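Step one of this worksheet: look at the structure below.
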Amino acid sequence: MVNDRRPAIIVFVTHVYLDHAATTPMRPEVREAMEPFLTDGFGNASGSHAVSRRAKNALEDARERVAGHLHCLPQEIVFTAGGTEADNLAVKGLALAEGIGGVVTVATEHEAVLESAEFVRRLGGEVAVVGVDSDGRVDPGRLASAVSDRTRVVSVMWANNETGVLQPLREIAEALGGGVPLHTDAVQAVISEDVSSEGVDLLTIAGHKIGGPKGVGALYVRDGLRLEPVLHGGGQELGRRSGTHDVAGAVGLAAALDAAVADRADFRRRVALVRSTFEARVESVAERTVSPELTLVQHSHLRVPGRRNETLLVRLDQSGVAASSASACQSGASTVSHVLAAMGVAEPREYLRFSFGWNSTVDEARRAGEALCDAVGAVA
């Protein structure tokens with residue numbers, strides 16, 4: 001009997017993808033840029049021979065391009081395995097660099113920040129988690145007042161991964177007055193906002209949120225800041241992040257960031273139209289969580305009164321529409337979103353997140369809007 005080991009054929013029924021905040025499809029130019037370093041350019045960038053030098057040159061070129069877009073020095077860029085690792089390095093790295101210090105952060109942060117802060121707490125560090133208002137925004141003065149002599153880092157997300165709400169980072173930096181390093185997770189913001197190192201001391205980005213590959217990110221670290229590494233080993237990345245470099249990933253991240261920055265103005269115009277088309281179609285069944293003036297252009301976070309989000313998501317999925325109820329790290333979990341809990345919403349299980357990306361279209365918005373209206377009617 002012949003053992004047929006051919007892989008199973010998987011058929012995807014999703015026709016409208018509106019979960020770009022979880023991950024985005026890779027841009028064609030990113031795939032093209034990465035391809036040489038997945039084949040002939042496979043060398044280890046830490047080596048000294050010609051094959052390694054080719055990889056090293058590509059790595060450093062990618063570093064310079066990322067630095068250029070963030071308006072910082074190339075040596076201030078640390079390549080990581082994604083946004084989660086970069087957040088961990090920022091929070092733990094500063095809090096533990098000189099003994100065990102403290103962390104101040106916000107209740108609506110990504111789990112990568114909140115769990116890093118909790119880790120510092122378990123080691124004996126001092127942690128303050130500051131609440132937000134009903135829009136999910138933190139008061140800069142209240143945040144600054146939570147800083148103590150033990151605080152080594154303040155971490156505030158540029159834009160929330162679930163609701164898309166933008167934090168007043170410039171006002172926060174002014175309130176802190178440069179007395180303690182400020183870290184921001186800009187993973188969601190970088191595709192549509194002009195994020196830069198100005199006003200912050202550490203900044204996180206990730207490739208797969210902007211049309212790049214999964215498993216690669218970067219952390220801007222202001223020159224002169226000392227970090228305790230999260231990963232110990234060969235001392236790559238100037239001793240800040242050990243491990244063999246993912247050269248193809250770094251090249252892909254740089255190519256995705258190049259494309260996102262070049263496309264940013266048009267992205268905002270296109271996606272604003274896509275979002276407004278979608279929200280106009282569903283206004284009879286859903287209501288916005290926060291005013292669009294306070295959010296990223298690519299996020300549409302909605303409440304559907306009287307309907308459970310998990311039921312609607314199943315029906316949307318059956319209709320070929322991909323959306324979510326929370327961050328990708330929480331989707332499918334039985335717990336209520338910590339973001340909505342911090343905002344004090346009355347019925348957290350009535351909320352859905354639709355997020356648009358670089359390849360979203362008005363036609364998709366119309367089809368998704370009709371599918372949501374149909375789903376709401378079906379579970380009346």
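The values are calculated or read from the model by the stated rules, or taken from the named source; none is laboratory data. If you're wondering where the values come from, they're calculated on a predicted model, not measured in any experiment. Please note: Cβ atoms are built from the backbone with ideal geometry, for glycine as well, and neighbour counts cover all protein chains shown. Note: accessible area is taken over every heavy atom of the protein model, side chains too, but ligands, DNA and RNA are not part of it. Shrake-Rupley method; radii C 1.70, N 1.55, O 1.52, S 1.80 Å.
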Here the FRET efficiency for residue 287 versus residue 265, based on Cβ atoms and R0 = 25 Å and rounded to 0.05, is 0.30
Long-range amide H partners of residue 128, meaning residues 5 or more apart or on another chain whose placed amide H is closer than 5 Å, are 103, 104, 105
Cβ-Cβ cut-off under 13 Å around residue 222, Lys and Arg +1, Asp and Glu -1: the net charge is -2
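For the chain, what number results from the quotient of the Cα radius of gyration and 2.2 N^0.38 Å?
Numbers: Rg = 21.4 Å, N = 380, 2.2 N^0.38 = 21.0 Å.
Cα Rg divided by the expected 2.2 N^0.38 Å: 1.02.
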Restricting to Cα pairs under 8 Å and 6 or more apart, the percent relative contact order of segment 21-139 works out to 14
For the chain, dividing by residue count, accessible area per residue (probe 1.4 Å) in Å² works out to 43
The rounded separation in angstrom of the Cα centers of segment 187-259 and segment 111-156 is 22
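Ignoring everything except DSSP H segments at least 4 long, calculate the 222 nm mean residue ellipticity for the chain; use -39,500 (n - 2.57) per segment, divide by total residues, nearest 500.
On the way: 10 runs with 136 residues, N = 380.
After summing the helix terms and dividing by the residues of the chain, the value is -11500 deg cm²/dmol.
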Counting only residues 5 or more apart in sequence or on a different chain, those whose built amide H sits under 5 Å from that of residue 80 are 217, 218, 219
A correct Karplus calculation of ³J(HN,Hα) over segment 113-125, with 6.51 cos²θ - 1.76 cosθ + 1.60, θ = phi - 60°, whole Hz and x for Gly and Pro, returns 7, 4, 6, 5, 5, 5, 4, 4, 4, 5, 7, x, x
